[in-house]
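The block underneath contains the structure these notes are about, expressed in structure tokens.
The values are calculated or read from the model by the stated rules, or taken from the named source; none is laboratory data. The structure displayed is predicted, hence computed values, not measured ones. Positions of Cβ are backbone-derived with ideal geometry, glycine not excepted, and every protein chain shown enters the neighbour counts. What goes into the accessible areas is simple: the full protein's heavy atoms, side chains included, and nothing from ligands, DNA or RNA. Shrake-Rupley method; radii C 1.70, N 1.55, O 1.52, S 1.80 Å.
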Amino acid sequence: MKFSDILSLSFKSLLSRKLSSFLCILTIALSVFLLLGMERLRSSAKSSFESTISGLDLIVGARSGSLPTLLYTVFRLGNPTNNISWDEYVKLKSDERVSWLVPISLGDSHRDFRVVATNQDFFTNFKYNVDQNLVFKEGEGSPNLFDVIIGSEVARKYGYKVGEKVIISHGVDSAGLQDHDNLPFTVSGVLLATGTPVDRSLHITLEAMEAIHYDWQSGVAPAPDKAMDEKDFIAKNLQPKSITAIFVGLKSKMQVFNLQRQINESSGEPLSAILPGVALQELWRIMDGVENIFLAMSLLVFFVSLISIFLALQSAFKDRKRELSIFRAIGASPSALLLLLLFDSIWLSVLGIVFGVAALLLSLVIMNSFLQNSYGLGRGLFLFGSMDYIFMFLVFLGSLAAALVPAVSVYKKALQDGLSIK
């Protein structure tokens, strides 16, 4: 038999056994779907974290560890140990090495979401996914004192539109919050989804943060008869006394370590200047155990899949014993039958891999918006990496290995084994 004849006969043989071929292809496709799906989610989670700190050279906050500072400033997880004075921001802004600064102030919330007080520089200089700027889906950034700009997830969960009123609460814990209901905010803009913590934040001005806490005593709001309105606060020309942290972008990356050392070693106010990338690597080291669990689950799925593939192929080849013996009777050599069975496995594995990848891509397209809005997973979901191709190659080799046992058995068995009546 010619090579082309074996290839053609193998494909026609699969078509003639639609049910068993379908089950084998389905098993392989599910294996590929699960393996690549877990790997895509794992790598996308890392990419989403890394994309959140695009273009950010330093984060300056109160004296603390680099990881806690990264978590509470960028990812809104945890709380700062202390604030830093506004004078430090002014001092840093005058440094000739600095290209831009973004001051942020934390401490308040709205239902399940954090409130971030900042200035217009945040919307100008914050970047994600390497070089993407924040874009408004609705409305725009307004200079009014009691306007709020909300992230896409905040708008989606509560159905907020431009012009609606929002009440901000003092503190971030779920219990014992005190509402700033005497000074409601108006939604002036809704941001497009970014897959970053910005989607789950509300953004107000630093002056507004000062206004809603004006004349508070030990965390207690002033009496209603002493409350002021927006005009009163505008007249006072409020300026922050302290902030939580500062995002820093430098003119030259060569100056990063020099400025970091100068801030950390300063004899004045105790500050910490951290490198976001280094702090993120520290987080990955802590998360190594979780990553290993994901990898172990992927390998377990792979080995279970190999067993399933082997059983499916073994069953299919057992049903073909008589057919293969007839081929031998009409002159096919044992090596031709071996190739025929191996090509059967190649067809099954290739089709299974193709359908598995197609099903995964279709699922990601359908669920992309949900994954991005709910879990911040979006970046890199559709970009296959080296590990994905390794998984596909291992599935291909595993399918061939699963076919070798019955194929070698057919090669060795005598002609009469398949033709004899039992």
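Restricting the range 59-151 to GluC sites (Glu not before Pro) that sit in a DSSP loop and have at most 13 other Cβ atoms within 10 Å of their own Cβ leaves Glu96, Glu140.
Summed over the residues of the range 1-113 and divided among them, the accessible surface reaches 45 Å² per residue at a probe radius of 1.4 Å. Compactness of the range 21-65 was expressed as the Cα radius of gyration divided by 2.2 N^0.38 Å, which yields 2.11. Computed from point charges on the beta carbon alone (+1 for Lys and Arg, -1 for Asp and Glu), the dipole magnitude for the range 1-145 about its Cα centre is near 1000 Debye. Between Ser242 and Met387, the distance separating the two model label sites (each 7 Å from Cα on the Cα→Cβ line) works out to 4.2 nm. If you take the Cα centroid of the range 287-301 and the Cα centroid of the range 100-168, the two points sit 36 Å apart.
Using only alpha carbons, the range 60-210 has a radius of gyration to Kirkwood radius ratio (Rg to Rh) of 0.95. Here the gap between Val365 and Leu299, fully extended at 0.36 nm per residue and compared with their Cα-Cα distance, gives a gain of 21.2 nm. Taking 0.36 nm per residue of separation and subtracting the current Cα-Cα distance, fully stretching the chain between Leu192 and Glu265 would add 22.3 nm.
Couplings 3J(HN,Hα) of the range 111-118, computed from phi: 6, 8, 10, 7, 9, 10, 8, 7 Hz, in residue order, whole Hz [Karplus 6.51 cos²θ - 1.76 cosθ + 1.60, θ = phi - 60°; x for Gly and Pro]. With a cut-off of 14 Å between beta carbons, the residues surrounding Gly163 carry a summed charge of -2, where Lys and Arg count +1 and Asp and Glu -1.
Largest to smallest in accessible area, the residues Val60, Val354 fall in the order Val354, Val60 (1.4 Å probe, all protein chains included). Here the simple spin-label model places points 7 Å from the Cα toward Cβ, and for Leu397 and Ser142 these points are separated by 6.2 nm. Rounded, prolate or oblate: which fits the range 59-133, taking a ≥ b ≥ c as square roots of the Cα gyration tensor eigenvalues, rounded meaning a/c under 1.5, else prolate when a/b beats b/c? Verdict is oblate for the range 59-133. Seen from Ile149, the other residues with C-beta closer than 14 Å to its C-beta sum to a net charge of -3, counting Lys and Arg as +1 and Asp and Glu as -1. Here is the list for the range 130-193: trypsin sites (Lys or Arg not before Pro) lying in DSSP coil, each with at most 12 other C-beta atoms within 10 angstrom of its C-beta, are Lys161. Computed from the C-beta positions of Arg111 and Gln314, the FRET efficiency with R₀ = 45 Å rounds to 0.20.
Amide H to amide H distances under 5 Å link Glu164 with Val187, where only residues 5 or more positions off or on other chains count and H is placed in the peptide plane.
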